[in-house]
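Notes for the one structure printed next.
Read the figures in this text as sums done on the coordinates, not as results from a lab. Remember, it's a predicted structure, so these values are computed and weren't measured experimentally. As a convention, Cβ positions derive from the backbone with ideal geometry for all residues, glycine included, and neighbour counts pool all protein chains shown.
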Amino acid sequence: MLKHLAGLDAFLAATRAAGTTVYPAPEHYFNALNAVPPSEVKVVILGQDPYHSAGLANGFAFAVPEYVKPPPSLRNILTEVQRDLGPREAPLPDHDLMPWVKQGVLLLNAVLSVSKGVAGSHHNRGWEIFTDAVIAHLGARAEPTVFMFWGKAAQRKASFVQRDHHLILTAPHPSPLSVYRGFAGCGHFSQCNRFLMDQAQRPIDW
């Protein structure tokens, strides 16, 4: 792994040296992992890579800074929360999704950086080696955990999770291109909470 991470570091340095803007800023690459210690993870939501437009990527999969208009994928996620869980007195979470994070939801991207304007530009540069190891570590824990894998790329990571005591939920990606191919109506948020309650854990206030 160290060899791959050294190559990743060299790639990122060369990319920035060439004048290419990289999102998010380096100090935010590990925000999701720093925010939720492994022992406190109850739910893992796996994204692909950060938003590649200015002002959006903040180190948490699907989330954006609090007062930024939600991109389509996040908007579709919040729409599914409302559809799945029904009417609610409390408002939906801020667009930074910090209320979820504070309850033990790990919003992890498979790739933790991206070049401005080029989706997927940092795939296969070494990030996946690292994040696969994170998923494998969480998937080997004794503590029952919910894994939400949305989209084909994320679903391939399910093989790293021991299935006997965890809940793996899969659906198409919430992007506009695939939201109506099965993400809308997937019911993952209610399924997650039922599982957590069955395990004597506090459900997530989505």
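Here is how the numbers come out for the structure above:
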item	result
Selection status of Ala184, assigned to a loop (DSSP other than H, G, I, E, B), under 24 Å from Leu74 (Cα atoms) and touching a residue at least 24 places away in the same chain (Cβ under 8 Å)	yes
Qualifying positions in segment 47-84 - farther than 27 Å from Val134 by Cα and aromatic (Phe, Trp, Tyr)	Tyr67
Boolean, His95 is closer than 24 Å to Val41 by Cβ, in a helix (DSSP H, G or I) and out of contact with any His (no Cβ under 6 Å at 6 or more places or on another chain)	no
Answer residue from segment 1-57, given it is within 18 Å of the chain's Cα centre (by Cα) and among the polar types (S, T, N, Q) and is surrounded by the fewest Cβ atoms within 10 Å (Cβ to Cβ) among those	Ser39
Residue match in segment 136-156 (condition: polar (S, T, N, Q) and either assigned to a loop (DSSP other than H, G, I, E, B) or touching a His at 6+ places or on another chain (Cβ under 9 Å) (or both))	yes
Single condition Asp164 does not satisfy, out of (1) more than 19 Å from Leu85 (Cα to Cα); (2) in contact (Cβ under 8 Å) with a residue 12 or more places away in the chain	(2)
Residues of segment 142-166 satisfying the condition of being farther than 19 Å from Ile129 by Cα and more than 16 Å from the chain's Cα centre (by Cα)	Ala142, Glu143, Pro144, Arg163, Asp164, His165, His166
From the options Val64, Val44, Val68, residue that is under 20 Å from Ile168 (Cβ atoms) and either free of Cβ contacts under 8 Å to residues at least 40 places away in the same chain or not in a loop (DSSP other than H, G, I, E, B) (or both)	Val44
Whichever residue in segment 98-119 is surrounded by 15 or more Cβ atoms within 10 Å (Cβ to Cβ) and part of a strand (DSSP E or B) and, among such residues, is farthest from the chain's Cα centre (by Cα)	Ser115
Where Glu128 falls short, out of the listed (1) more than 25 Å from Leu196 (Cα to Cα); (2) of a type in the set (Asp, Glu); (3) not in a helix (DSSP H, G or I)	(3)
Options Arg125, Arg163, Arg141: the member that is more than 28 Å from Tyr23 (Cα to Cα), out of contact with any strand residue (DSSP E or B) (no Cβ under 6 Å at 6 or more places or on another chain), surrounded by 13 or more Cβ atoms within 10 Å (Cβ to Cβ) and basic (Lys, Arg)	Arg141
Among (1) assigned to a loop (DSSP other than H, G, I, E, B); (2) touching a helix residue (DSSP H, G or I) at 6+ places or on another chain (Cβ under 8 Å); (3) farther than 17 Å from Asn193 by Cα, the one test that Arg88 misses	(3)
Test for Arg202: is it among the basic types (Lys, Arg), in a loop (DSSP other than H, G, I, E, B) and surrounded by fewer than 16 Cβ atoms within 10 Å (Cβ to Cβ)	yes
